[in-house]
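Structure, as structure tokens:
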Amino acid sequence: MSESGHSQPGLYGAERRRRWKEPGASGPQNLSGPGGRERDYIAPWERERRDGSEDPSTNVMQKTPIILSKPPAERPPPSTAPAPPPAPAPLEKPIVLMKPREEGKGPAAGTGSTTPEGTTPSPPTAATPPKGEKEGQRPTQPVYQIQNRGMGTATPTAMDPVVGQAKLLPPERMKHSIKLVDDQMNWCDSAIEYLLDQTDVLVVGVLGLQGTGKSMVMSLLSANTPEEDQRAYVFRAQSAEMKERGGNQTSGIDFFITQERIVFLDTQPILSPSILDHLINNDRKLPPEYNLPHTYVEMQSLQVAAFLFTVCHVVIVVQDWFTDLSLYRFLQTAEMVKPSTPSPSHESSSSAGSDDGTEYYPHVVFLQNKARREDFCPRKLRQMHLMIDQLMAHSHLRYKGTLSMLQCNIFPGLPPDFLDTEVNLFLVPFMDSEAESENPPRAGPGSSPLFSLLPGYRGHPSFQSLVSKLRSQVMSMARPQLSHTILTEKNWFHYAARIWDGVKKSSALAEYSRLLA
């Protein structure tokens, strides 16, 4: 435009034509068209400046991807067979952890722990509380957390076949008895190796005077038969040499357990004259609490009897003649000084058990060993039952109602109510009575035997038959609970050790020994 305000047509026309020919982002600008004015034109540099100031999220520039590859000469040769895919890792058994959520915490109270790899496992759907549950309210269902083991992919080791087979084997069988209490009246712990952790156990003990056949009876009831040699019995019987010297074979308490889990306890003779003679002649030193040898022997016998009355289900009292009144007096004294049954509470347990019904008393069986033919007479049998019942009338021991000779079909002609009061009495004849019955009666010294086709008359069943019936009756006796809890075999052993220690330290026995002195 000139200074006078008029336009220069030539110069303006040339510039307009140049701008029209220059292409833009949206083609040629039509400045002469409708609405096309010069101010609508945007220069390219202005358009780039405006594009840089706009939000990149609204106008994203698309770039052409560039693929880089090696020249054909440098490429590795193709493999003949594709590589096998890697073997999947063996699945591991997950560990399920149950943890209740605490009061006032959210649903992730039990899922905050991490795995050993450092990653937090995602909580399962069981850990999400329902919508209706308020925050801080204790849920009724536990929270489950599942996590994998962090011990790698090691497979579980299989059980050793030797160990598995050992678990199926029966317990070790005893071949001979062992010491439970030695001759010095000390407890021995070797018997626990033969005991198991099971509660079906029966404990049978024996008491008797010297030479009555206690060891022989216990051997026949446990593991031996009358046909075997007595030197092979599990409880060593009195030898001929020992009988000639007047000594006792068993000292202390011997232990034996059968495969049927029945414990047999053989004891030294009570009130034994051979033990007293040994104390006097050998100048054996007595404990300081005993002044006289015969007092010490009697207290030893009372300790053994009181111990059996506490830890045994059945106590067999063996006698070889009927009857010794001092034996029944001894039994009542042992019952008097017997330790009381431990109670579950720590209250006074020194009260008599007969008042509250918690005191334990075993079954007592009177075994008449070496019985003669006339002892099996029904009239003599009734007198024996009546006398034992009168002597034990004031005793709390279970001496009747658990064993019956009439129910064993030993006396088939007697009615069940033949005996007014039937006690636990059983008769066993001499073991060698079978040889005597093989000699039938004869009319004269040189004559033939009378009734040679008939068996010899004995007046009672055979020895083997009576021992078998006695065994079946003893094994079928009730097994009352020894303590306030059910004891396994090993628990019984520890319980018996505690009772023996209590018997040796008993204040009642100490007071009784003081009165004897």
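Here are a few things to note about the model shown:
- Across the range 281-309, the number of residues qualifying as open to solvent by 70 Å² or more (accessible area, probe 1.4 Å) and touching a strand residue (DSSP E or B) at 6+ places or on another chain (Cβ under 8 Å) comes to 0.
- Residue pairs meeting the criteria (Cβ under 7 Å; at least 6 apart or on separate chains; first within 22 Å of ALA393 (Cα to Cα), in the range 413-425; second at pLDDT 85 or above and of a type in the set (Asp, Glu)): THR421/ASP389; VAL423/ASP389
- Residues of the range 305-326 satisfying the condition of being within 24 Å of PHE255 (Cβ to Cβ) and in a helix (DSSP H, G or I): ALA305, ALA306, PHE307, LEU308, PHE309, THR310, VAL311
- Summed over the range 351-381, residues that are part of a helix (DSSP H, G or I), open to solvent by less than 20 Å² (accessible area, probe 1.4 Å) and modelled with pLDDT of 90 or more total 3.
- Residue satisfying all of: in the range 499-517; assigned to a helix (DSSP H, G or I) and among the polar types (S, T, N, Q); least open to solvent (accessible area, probe 1.4 Å) among these: SER513
- Residue satisfying all of: in the range 477-498; modelled with pLDDT under 90 and among the polar types (S, T, N, Q); surrounded by the most Cβ atoms within 10 Å (Cβ to Cβ) among these: SER483
- Subset of the range 329-341 that is surrounded by fewer than 19 Cβ atoms within 10 Å (Cβ to Cβ) and of a type outside the set (Asp, Glu) - its residue that is modelled with the lowest pLDDT: THR341
- Reported count of residues in the range 382-436, each being in a strand (DSSP E or B) and open to solvent by less than 20 Å² (accessible area, probe 1.4 Å), is 6.
- Residue count for the range 283-301 under the criterion of being β-branched (Val, Ile, Thr) and closer than 13 Å to SER272 by Cβ: the result is 1.
The values are calculated or read from the model by the stated rules, or taken from the named source; none is laboratory data. In this text, all values refer to a predicted model and were calculated from it rather than measured experimentally. Virtual Cβ from ideal backbone geometry, glycine too; neighbours counted across all protein chains shown. For accessibility, only protein heavy atoms count, side chains too; no ligands or nucleic acids. Shrake-Rupley method; radii C 1.70, N 1.55, O 1.52, S 1.80 Å.
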